[in-house]
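Each value in this text was obtained by applying a stated rule to the coordinates, not by laboratory testing. This structure is a prediction, so every number in the text was calculated from the model and none was measured. Here Cβ is always computed from backbone atoms with ideal geometry, including for glycine, and neighbour counts include all displayed protein chains.
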Amino acid sequence: MGGLLFTLLLIAVSPNIMKIDPDTLTTGRHLIQANALFRLENPGIISIPAGSCSPTWAPWSAPPAAAPPPIRT
């Protein structure tokens, strides 16, 4: 799940979605008219390794589990 969210985030801030178009362009304008925050057009270069590492990062980022109640006999 972490890899999917990271990929969607990188696509949203890549030049595929974010780019300043010239005034002469009449069709195919980019959704966000700003300089791209992520300069690579292929987010897979970064998101595939990050998605592979996300199962490793997830346990460290989760809050610690509460201790179970003591068993009474």
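In table form, for the structure just shown:
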{"read-out": "Residue in the stretch 9-28 that is touching a Pro at 6+ places or on another chain (Cβ under 8 Å), assigned to a helix (DSSP H, G or I) and hydroxyl-bearing (Ser, Thr, Tyr) present", "value": "no"}
{"read-out": "Extreme residue, nearest to Gly51 (Cα to Cα), among residues of the stretch 16-38 that are surrounded by 13 or more Cβ atoms within 10 Å (Cβ to Cβ) and of a type outside the set (A, V, I, L, M)", "value": "Phe38"}
{"read-out": "Selection within the stretch 1-15 - surrounded by fewer than 17 Cβ atoms within 10 Å (Cβ to Cβ) and either more than 22 Å from Ser54 (Cβ to Cβ) or aromatic (Phe, Trp, Tyr) (or both)", "value": "Pro15"}
{"read-out": "Answer from Phe6, Phe38 - the residue that is of a type in the set (Phe, Trp, Tyr), out of contact with any His (no Cβ under 9 Å at 6 or more places or on another chain) and in a loop (DSSP other than H, G, I, E, B)", "value": "Phe38"}
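The rows are residues; the columns are (1) touching a Ser or Thr at 6+ places or on another chain (Cβ under 9 Å); (2) surrounded by 10 or more Cβ atoms within 10 Å (Cβ to Cβ); (3) of a type in the set (Phe, Trp, Tyr).
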site: Ser47; (1), (2), (3): yes, yes, no
site: Ser52; (1), (2), (3): no, yes, no
site: Ser61; (1), (2), (3): no, no, no
site: Pro64; (1), (2), (3): no, no, no
